[in-house]
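Working notes, beginning with the structure itself.
The values are calculated or read from the model by the stated rules, or taken from the named source; none is laboratory data. This structure is a prediction, so every number in the text was calculated from the model and none was measured. Positions of Cβ are backbone-derived with ideal geometry, glycine not excepted, and every protein chain shown enters the neighbour counts.
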Amino acid sequence: MIDKNNIPFNRPVALGNELEYMAQAIANGHISGDGYYTKECQHFLEQKFGLSKALLTTACTHALEMMALLLDIQPGDEVIIPDFTFVSTINAFVLRGAKPVFIDIRPDTLNLDETRLESLITNRTRAIVPVHYAGVGCEMDAIMEVANRHGIPVLEDNAHGLFGKYRDKWLGTFGVMASQSFHETKNFTCGEGGALLINDQQYVERAEIIREKGTNRSRFYRGQVDKYTWVDIGSSFLPSDILAAFLFAQLENYKKIQEHRESVWRFYHDQLRDWAEKHGVRMPFVPDHCQQAYHMFYLLLPTLELRQGLIDHLAQSGIKGVFHYLPLHLSDMGTRFGGKPGDCPVTERVSDQLIRLPYYNAMSSEELERVLDSILEYRF
């Protein structure tokens, strides 16, 4: 049960035709994958972002795993990823036997530090995976220049970045492929879900096969073959059409959702600016050439103790503030691949300092005022 007196970190909500479309999916008699609403979501993404193909998946994690399969990642291959990201970003490649190469982040945007990229490339590097942290674009011009010069595919983890832009180009459209998240904490959700965004036509047919358990069933449904069979490796990555129905209603409302999220972000930014400057607290940095996706709002406290103190202080007021990623290179798995303290100093520092504030699509002005008042009451 929801305690309406508390302010959670996230609260998913239906804002339009979600329940109506879910009922319609059931009435359609097709609630498994690739039904009417799945196709509507995919068409929306393809048309809006100019993609070669969009394929809904059961999670962003599975979109990442499909990328690893499509690149035929093999044991011993190396994949460069930012140290400050969710474990799914690298798990997808480690599952295929790859070695993670952790790259530190920029201290301003908290994105992959492109100035360190070239020094980490070897003859075993098979992919570079930039993550657009908080929906603010990585420095894609520099990343793509290095990648193209070395002939290395770029795979964007765009879990935070739908509707964000870098130099007026959509995030998720720079690399050969991108992964998208529709988890309940994201701007657009169906509870659990994701999508593989394909920008290079050469990957489309095999992506359909991998997503359909290694069969050519998609070609069969299009009438291109008279029966379908097992033709490649694959798995079951299709979400239910009930989930797609919920998601399509959210995508229909993208302007309303993004406008509200922008208003929440600007409230935090404007109201906390003086307080942050006074106490040495850093707020999100968005370069002028980036149009952010308004995915989250975070603060960087001067020390771990002050960060934890603010989390505890908010909790006493019934407000949920949370930290974010721990350095991957210092995790149990990361140390197996040679990670040690000091390898990624910016990540190590930021991980101790960062707190994410409550942020969701139906957040009210009263809730925002409560969060603000509680933060302003915090004693350093």
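Yes or no, residue by residue, for (1) modelled with pLDDT of 95 or more; (2) in the same structural domain as I128 (by TED's automatic domain parsing); (3) surrounded by 16 or more Cβ atoms within 10 Å (Cβ to Cβ); (4) touching a helix residue (DSSP H, G or I) at 6+ places or on another chain (Cβ under 9 Å):
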| site | (1), (2), (3), (4) |
| --- | --- |
| Y166 | yes, yes, yes, yes |
| L171 | yes, yes, yes, yes |
| K186 | yes, yes, yes, yes |
| L197 | yes, yes, yes, yes |
| Q202 | yes, yes, no, no |
| K227 | no, yes, no, yes |
| D232 | no, yes, no, yes |
| I242 | yes, yes, yes, yes |
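With respect to H295, determine if the residue is in a loop (DSSP other than H, G, I, E, B) and over 30 Å from K213 (Cβ atoms). So H295 passes the test. Residue pairs whose Cβ atoms lie under 8 Å apart, separated by 6 or more positions or on different chains, with the first residue in the range 32-53 and in contact (Cβ under 8 Å) with a residue 40 or more places away in the chain and closer than 17 Å to E208 by Cα and the second in a loop (DSSP other than H, G, I, E, B) and of a type in the set (V, I, T), are L51/T173. The residue list L51, L70, L55 contains one member that is more than 26 Å from P287 (Cα to Cα), out of contact with any Phe, Trp or Tyr (no Cβ under 7 Å at 6 or more places or on another chain) and buried (at least 21 other Cβ atoms within 10 Å of the Cβ), which is L55. On the basis of being in contact with a Pro (Cβ under 9 Å, 6 or more places away or on another chain), in contact (Cβ under 8 Å) with a residue 40 or more places away in the chain and either closer than 19 Å to T185 by Cβ or in the same structural domain as K186 (by TED's automatic domain parsing) (or both), does V350 make the cut? The answer is no for V350. For the range 187-229, a residue qualifies if it is of a type in the set (V, I, T) and either part of a loop (DSSP other than H, G, I, E, B) or within 22 Å of the chain's Cα centre (by Cα) (or both), and the qualifying residues are T189, I198, V204, I210, V225, T229.
Confirm whether G334 is over 17 Å from E305 (Cβ atoms) and not in a helix (DSSP H, G or I). Spelling it out, it is not the case that G334 is over 17 Å from E305 (Cβ atoms) and not in a helix (DSSP H, G or I).
Can you confirm whether E277 is touching a residue at least 24 places away in the same chain (Cβ under 8 Å) and not assigned by TED's automatic domain parsing to the domain that holds C41? The answer is no for E277.
Could you check D274 against (1) at positive phi; (2) assigned to a helix (DSSP H, G or I) and say which number it fails? Result: D274 fails condition (1) only.
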